[in-house]
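The values are calculated or read from the model by the stated rules, or taken from the named source; none is laboratory data. These numbers come from a predicted model, not from an experiment. Virtual Cβ from ideal backbone geometry, glycine too; neighbours counted across all protein chains shown.
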């Protein structure tokens, strides 16, 4: 089977790259080995949140200070600024409406009540432009009774520490109460399926309106299935309403994944969910084909290939007791040969392994046994040189390297 | 260090690989509509930990699982969640008798043979209101369901009378596992396959003996019978593959998945030696076209707008791409690929009175997608999806093989493949 481009990995970077290519008329096949870590995303994208532990105010201003092997340095500040605008537009084209700009970070609120710098946040979700000057004072935190995935106490304390005056309120409705029969499923996804009809949303609105008192803003856990449900609910509430991220799997991420996948499919892309690349044929400096577990003896052929297979959690990288490697093509990786250096004591301390990934040249081409592969780009979390936890650059690297690789492929 | 460590997964169904990420719970169509089902993570790997300690921890709610396998498709860690659930159901149900209703529903070939003999009577009777009410109350088969119409002539009979002789004239050959639906309900699909393959220069042959693949038997807990039939099928497929060097083609995604993957995973019948030789006809044909071994020429005046629905087991096999890409080759066909949602029928599941409402609730997302697509027909590789979508949307549903056969310019295709008459 032949298409113009084959992308290994169907998460944020794979889909973004696939969409950018399909929009320009390419036939693209994406191989996705199950759902991606986008499902853990709480509704915000970060571009660059921290350098040396300090929060970054204007990401574009500090890209030049990043280590030379960071993917952004390879792309360059000017191009990053341009790609960042394109990324926001691409999300919007897929129906994902966000606030924010690469010129200045805003603050998102984590489910644990911590404010973190962010680049783009879903319009329905809480987003604070300036943490020193809060947009309002009094917040009513609407907690769903029996809901699993929101540590209400921690969230309320966190908001309080940011300077909000928080009132914690608890509510439920008939639909929500029914859900409690299965305590293990009292989660965001299950709630979202029950809060679809206007009448079920009206019952939520009635409950939270009655509890709103003199709040300036109501916060509700992100348990709505789509923007339509949010708009409907918002139109019924007496105070401004914003959603706040829950523990994963989160509705915001599920929605984004669905919207991107749908958009890619509408553009004629092939999305092979639940299949995985197992090996590739490389001839000289080119990948010829990729074999997948399910297509078996009928490999995927293409002019260009993109590796968007994610980091350790998505199995784009594998660690065994001897080494760290890239499992599909055994590409060169930036990783310490000495196992003792992979981690350091204290899970919250900076960890070397989170910066490991495949080695690339300045155009994000992969390298195998020291030789550049001319038709294989790596994008997203599988890349080395960045740190989604300590630098808050994960989603930015996914989106921007995806678009950079797509530009490169289209320019050929 | 490595020599003292367990480096590989040693448990069944990749059970140890579960990282508790909960992604499977986000795609389960059953948990989405009922609180009675604990969801795939709890029913599968989490529950298994308890059941391994003591089988008494088995939860009866596991019978609500559709076995749609969407959890397995979504799992980023390759855990065979649905197989864990099926295995648990099997251990809990082994030795117990299935109800008369379940036995009848499961024996699609027995029911089919009887019904073929009296097809006009059976079709008329099964469609009558009083019959439906009796089935609803006595048999617990929901009154809104209509049994697929039975054909007067079995596919096998048609084949022997009208097709068998001509097949040896071709230089290349395949075998065909037609399945119960083609044999008893809808021989046209089998005829369409013969038409398509003949035009491409392939003779089509039946297996020496074919029995129902047993997918419905497994779903209804009739494991012994399923194993018996699976052994017969495995032996006859093996005969076609090893003695005649045939690839065995199919036109039903569920039969295919069952023959290839459920036989070893659920029934412990090893078919690994022939697994690669069992495939959906669309995969086989796509590959021939892709490798330029055959040409398909389509009618100039064929014009339709059709939506493609990926059946759950089709998605589990990952083969929808072949059906979709083949349909895209038809110049006059405007194809809309639907987002992957379960239709809710899951074989015999939706026929049962107690499951009817849940089945329709599950399918509602898909029905809405179909409605919004503004198409004149739906294409899918699964016959039970067909019944469900036809009943619930009123649109005709066709197998891609039938669409290809309808759109095919047979004469031009025969000429292009240099087949003489």
Test: residue in the range B:6-27 that is closer than 18 Å to residue B:67 by Cβ and in a loop (DSSP other than H, G, I, E, B): yes
Matching residues in the range B:315-330 (farther than 16 Å from residue B:294 by Cα and either within 11 Å of chain A (Cβ to nearest Cβ) or at pLDDT below 95 (or both)) number 9
Suppose the filter is crowded, with 24+ Cβ neighbours inside 10 Å and touching a helix residue (DSSP H, G or I) at 6+ places or on another chain (Cβ under 8 Å); does residue B:241 pass it? no
Which numbered condition residue B:225 fails, given (1) in a helix (DSSP H, G or I); (2) modelled with pLDDT of 95 or more: (2)
Got a sec? Which helices (runs of 4 or more DSSP H) wholly within the range A:138-203 have at least 2 residues that are within 12 Å of chain B (Cβ to nearest Cβ) and within 27 Å of residue B:35 (Cα to Cα)? A:174-179, A:188-194
Looking at this structure, is residue B:41 part of a helix (DSSP H, G or I) and either in contact (Cβ under 8 Å) with a residue 60 or more places away in the chain or more than 11 Å from chain A (Cβ to nearest Cβ) (or both)? no
Pick from the range B:244-290 the residues that are in contact (Cβ under 8 Å) with a residue 12 or more places away in the chain, within 14 Å of chain A (Cβ to nearest Cβ) and assigned to a loop (DSSP other than H, G, I, E, B): which of them is surrounded by the most Cβ atoms within 10 Å (Cβ to Cβ)? B:247
Only one of B:18, B:8, B:75 is facing chain A (nearest Cβ under 8 Å) and over 20 Å from residue B:345 (Cβ atoms). Can you tell me which? B:75
Looking only at residues in the range A:320-335 that are free of Cβ contacts under 8 Å to residues at least 40 places away in the same chain and in contact with a strand residue (DSSP E or B) (Cβ under 8 Å, 6 or more places away or on another chain), which one is farthest from the other protein chains (Cβ to nearest Cβ)? A:332
Which numbered condition residue B:30 misses (of (1) in contact with a helix residue (DSSP H, G or I) (Cβ under 6 Å, 6 or more places away or on another chain); (2) in a loop (DSSP other than H, G, I, E, B); (3) free of Cβ contacts under 8 Å to residues at least 60 places away in the same chain): (3)
Can you confirm whether the range A:93-108 contains a residue that is within 23 Å of the chain's Cα centre (by Cα), within 24 Å of residue A:398 (Cβ to Cβ), within 14 Å of chain B (Cβ to nearest Cβ) and buried (at least 19 other Cβ atoms within 10 Å of the Cβ)? yes
When residues of the range A:10-33 are limited to those that are assigned to a loop (DSSP other than H, G, I, E, B) and surrounded by fewer than 24 Cβ atoms within 10 Å (Cβ to Cβ), the one farthest from the other protein chains (Cβ to nearest Cβ): A:24
Read through the list (1) within 10 Å of chain A (Cβ to nearest Cβ); (2) modelled with pLDDT of 90 or more; (3) not in a loop (DSSP other than H, G, I, E, B), then give the number of the only condition that residue B:62 fails. (1)
Criterion violated by residue B:115 - all others in (1) more than 30 Å from residue B:244 (Cβ to Cβ); (2) surrounded by 12 or more Cβ atoms within 10 Å (Cβ to Cβ); (3) more than 22 Å from the chain's Cα centre (by Cα) satisfied: (3)
Per-region count, the range A:149-173, residues touching a helix residue (DSSP H, G or I) at 6+ places or on another chain (Cβ under 8 Å) and in contact (Cβ under 8 Å) with a residue 60 or more places away in the chain: 1
Out of the residues in the range A:245-267 meeting the condition of being within 7 Å of another protein chain (Cβ to nearest Cβ) and not in a loop (DSSP other than H, G, I, E, B), tell me which one is farthest from residue A:28 (Cα to Cα). A:254
Residue pairs qualifying under the 6 Å Cβ cut-off, at least six apart or on distinct chains, with the first in the range A:205-224 being under 15 Å from residue A:166 (Cβ atoms) and the second being in a helix (DSSP H, G or I), are A:218/A:208
Please indicate, with yes or no, whether at least one residue in the range B:102-109 is over 26 Å from residue B:316 (Cα atoms) and modelled with pLDDT under 75. no
Can you find a residue in the range A:270-280 that is assigned to a strand (DSSP E or B), more than 13 Å from chain B (Cβ to nearest Cβ), over 30 Å from residue A:158 (Cβ atoms) and touching a strand residue (DSSP E or B) at 6+ places or on another chain (Cβ under 9 Å)? yes
Failed item, numbered, when residue A:73 is tested on (1) surrounded by 22 or more Cβ atoms within 10 Å (Cβ to Cβ); (2) part of a helix (DSSP H, G or I): (1)
Screening A:164, A:264 for residues that are at pLDDT 95 or above and within 21 Å of residue A:107 (Cα to Cα) leaves only A:164
Extreme residue, nearest to the other protein chains (Cβ to nearest Cβ), among residues of the range A:281-312 that are in contact with a helix residue (DSSP H, G or I) (Cβ under 6 Å, 6 or more places away or on another chain) and either surrounded by fewer than 19 Cβ atoms within 10 Å (Cβ to Cβ) or assigned to a loop (DSSP other than H, G, I, E, B) (or both): A:298
Filter the range B:291-313 for residues that are under 17 Å from the mean Cα position of the chain (by Cα) and either outside any helix (DSSP H, G or I) or within 11 Å of chain A (Cβ to nearest Cβ) (or both); which is nearest to residue B:384 (Cα to Cα)? B:311
Just give me the residues in the range A:362-385 being surrounded by fewer than 24 Cβ atoms within 10 Å (Cβ to Cβ) and closer than 30 Å to residue A:53 by Cβ, in sequence order. A:362, A:364, A:384, A:385
